[in-house]
Each structure stands twice: as C-alpha cells, then as structure tokens.
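Down below is the structure, laid out as structure tokens.
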Amino acid sequence: MIRSTLRALLALLYAYAGYRHLVDPAPFLRITPGWVPLPGPVVAWTGIAEIAGAVGLLQPFSIRLRQAAGVGLALYALCVWPANVNHMMMDMARPDGGWGLAYHVPRMIAQPLVIWLALWTARVTDWPFARRRPQSSLPPTP
C-alpha cells in the first residue's frame, strides 16, 4: 500500500515536472550547465522522458516495464544532478544569496532519495527493507 501510494505520488511529480519542461522551458534552460549541447532540445527531451517514465511507473500491465521505468527515472535523476548543482552555485553567487542553503542543501540531499524511491517503488530493489534469508549449511545440490 505504501509502495504503490509513493509510486503514484512519484509518477505525478515526474509527470508534472515533464509538463513544466515542455510548456515553460526557460527556468530549466537557465540552470542547464554550459557544457550541455543543444540545451533547448535537451530540456524538451528530458520533459518527454519524465512523462514517459511516469506513465511506465503507473501502467498496470507489465512489471518489467514498470521496473524499466524505475531504472530510467533513477538514471534520469542521476543525470540531471549536475543541473541542480549548477543551479545551486549560480543561485548562491547572487548578491542576495538566492534561495539560500536552506533550500539548496535539502534539495541536494533529496536527490539520492529520489533515485532510491524510483527503484524501490518500481520493485527494482527492496533495500533496505528486505529480510535476509538464512543461508543453508547444506552443500548445494548438483
């Protein structure tokens, strides 16, 4: 129950973020690192990827597709981390201090949680909740 509720919430957040990437790319373009080629298309494709991942998480037909969506969203969250770091550095360099550490530090800490949540809600991993199975003292059967 908790896992499916969090999966639905994560999918809604990713779908909304994807929608925002497509209808208002300006904020995302501002935080895109300068080394990213073709930032406009990259931001658009990241929005499409977020929406596709959200649909994959929610679809009820295939556990493998749901797991693939979870892995894809986890990798996505890892790949956009440089944009979040870039946003923090640019924002903190503003004369007024921007959003400040109270905003940016929790956001940086939350990124690994989002990665784990994508994997856990898609049933790619059960860590850290999985129970260890006792190892048998019997030799393996041939």
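Each value in this text was obtained by applying a stated rule to the coordinates, not by laboratory testing. These numbers were taken from a predicted model, which means no experiment stands behind them. All Cβ positions, even for glycine, are placed from backbone atoms using ideal geometry, and neighbour counts span all protein chains on display.
Structure data summary
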{"item": "CD proxy at 222 nm, helix term only [per DSSP H run n ≥ 4: -39500 (n - 2.57); per residue of the chain; nearest 500]", "result": "-23000 deg cm²/dmol"}
{"item": "Kirkwood-based Rg to Rh ratio, the range 25-73, C-alpha trace", "result": "1.13"}
{"item": "Karplus 3J(HN,Hα) series, Hz, for the range 55-65 with 6.51 cos²θ - 1.76 cosθ + 1.60 (x for Gly, Pro)", "result": "4, x, 5, 8, 4, x, 8, 9, 5, 5, 5"}
{"item": "With eigenvalues of the C-alpha gyration tensor scaled by 5 and rooted, the chain, Å", "result": "34, 19, 14"}
{"item": "Per-residue Cβ neighbour rank within 10 angstrom, fewest leading, H104, H21", "result": "H104, H21"}
